[in-house]
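**Student:** This structure is in structure tokens; I'll ask about it shortly.
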Amino acid sequence: MRKSLILLTLLVSTSGMAATLHSGIYEALQLAVSPQGKISGYYSETLGVGVTRTCAFALAGEVSAKGEAKITSWSTAVLPGHLAATADGVTLTVPGGQSHDGCVNAMLPLINDGLGLSKTRDTDWQSMAQVRAERLYFYRQPEEKTRRKAFVVQDDVVGVLQAQGEWTQVEYVSDEGKSTTGWVKSEALAPLTPPAS
């Protein structure tokens, strides 16, 4: 009887500790969750050596009161889905997700019913944005005279850390996992938002 009571107490005390969605890198998914609960993300996975196949799509949504999110994902197709936190990551569900760009031969069929992705790194991203400029240079500070040699190119996706007028501090993580952080011109970024339906 005493063991049953202890077990019941543990279950009740831990039931309110549900996992919540947080900004971070979850294997092939880069995810940003704003303080207001807005979600934006980018999934990119490359398979193969020599001849490679890349599966890539963006997603956006809003965290519900339950701590989960209905999402819209898009590449050439726009598909609804769901994102939920787990103890060690997230579960991404996009029925028909293999129809996204390059995903037919790279994406596991599990995407239809829920693909489990483990968190590999925490981030402080507030949102995700796509580079609109052909070449966008990083700056050490939000000042013209602090330009660096590092840059990102058109269509690269970056995590937004903060905005300051005409400048935005971003982090770019390459396919190899190398991270570059710096300030860029805000006008050269477009927020990741679903196409108009």
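**Student:** Lys/Arg Cβ at +1, Asp/Glu Cβ at -1, dipole of the chain taken about the Cα centre: which of Ala77, Gly89, Gln154 is farthest positive-ward?
**Tutor:** Of the candidates, Gly89 comes out farthest on the positive side.
**Student:** If you add up the charges near Glu134, with Lys and Arg at +1 and Asp and Glu at -1, over every other residue whose beta carbon is less than 14 angstrom from its beta carbon, what do you get? Don't jump to the answer; show the numbers that get you there.
**Tutor:** Details: positive: Arg132, Arg135, Lys185; negative: Asp155, Asp156, Glu187.
Result for the neighbourhood of Glu134: 0.
**Student:** Follow-up question, since we're still on this one. Just name one of Tyr42, Pro142, Ala188: the one whose Cα is farthest towards the positive end of the charge dipole of the chain (beta-carbon charges, Lys/Arg +1, Asp/Glu -1).
**Tutor:** Farthest towards the positive end: Pro142.
**Student:** Hey, got the dipole for the chain? About the Cα centre, +1 on K and R Cβ, -1 on D and E Cβ, debye to the nearest 20?
**Tutor:** On the way: 17 positive and 19 negative charges, 85 e Å.
In debye, rounded to 20, the chain gives about 400.
**Student:** Across segment 146-195, how large is the tail of the calculated P(r) beyond 13 Å, expressed as a percent of all Cα pairs?
**Tutor:** Working: 736 of 1225 pairs.
In whole percent, the share of Cα-Cα pairs in segment 146-195 beyond 13 Å is 60.
**Student:** So, R0 is 45 Å and r is the distance between the beta-carbons of Ser186 and Thr54; what FRET efficiency does that work out to, to 0.05?
**Tutor:** That pair, Ser186 with Thr54, gives E of 0.95.
**Student:** Just Glu144, Glu62, Glu171 to compare: in a GNM of the chain, with alpha carbon springs under 10 Å, which one fluctuates most?
**Tutor:** Looking only at Glu144, Glu62, Glu171, the largest GNM fluctuation is found for Glu144.
**Student:** Report, ordered by chain and residue number, the aspartates and glutamates lying within cross-link reach of Lys66, taken as a straight Cα distance under 18 Å and ignoring same-chain residues fewer than 8 apart.
**Tutor:** Here the aspartates and glutamates satisfying the reach criterion relative to Lys66 are Asp88.
**Student:** What is the chain's relative contact order, in percent, from Cα pairs under 8 angstrom and six or more apart in sequence? Kindly include the intermediate steps, with their values, before the conclusion.
**Tutor:** Values: 460 pairs, mean separation 35.2, N = 197.
Computed over the chain, the figure is 18 percent.
**Student:** Roughly to the nearest percent, how much of the accessible area of the chain is carbon and sulfur, given a 1.4 Å probe? It would help to have the intermediate numbers written out before the result.
**Tutor:** Working: 6050 of 11380 Å².
Solvent-exposed carbon and sulfur of the chain make up 53 percent of the total.
**Student:** Separate question: Using the Karplus equation 6.51 cos²θ - 1.76 cosθ + 1.60 (θ = phi - 60°), what ³J(HN,Hα) coupling, rounded to whole Hz, does each residue of segment 24-40 give in order, writing x for Gly and Pro?
**Tutor:** Working through the residues one at a time gives x, 10, 10, 6, 8, 9, 9, 10, 10, 10, 6, x, 8, x, 6, 10, 9 Hz.
**Student:** Please work out how much length the chain gains when fully extended from Glu62 to Ser34, using 0.36 nm per residue of separation minus the C-alpha to C-alpha distance, in nm with one decimal.
**Tutor:** Numbers: separation 28, 0.36 × 28 = 10.08 nm, distance 0.93 nm.
Difference between extended and current length: 9.1 nm.
**Student:** Next up: How tilted is helix 2-15 with respect to the longest principal axis of the chain? Cα atoms for both, answer in degrees (0 to 90, nearest 10).
**Tutor:** Helix 2-15 and the main axis of the chain meet at about 30 degrees.
**Student:** Please identify which residues in segment 80-98 have an amide N closer than 16 Å to a label point set 7 Å out from the Cα of Asp113, following the Cα→Cβ vector.
**Tutor:** Counting only backbone N, you get 91-98.
The values are calculated or read from the model by the stated rules, or taken from the named source; none is laboratory data. It should be emphasised that the depicted structure is a prediction, and the values quoted were computed from it without experimental measurement. Note: ideal-geometry Cβ built from the backbone for every residue, glycine included; neighbour counts use all protein chains shown. Please note that ligands, DNA and RNA were not included when accessible areas were found on the heavy atoms of the full protein model with its side chains. Shrake-Rupley method; radii C 1.70, N 1.55, O 1.52, S 1.80 Å.
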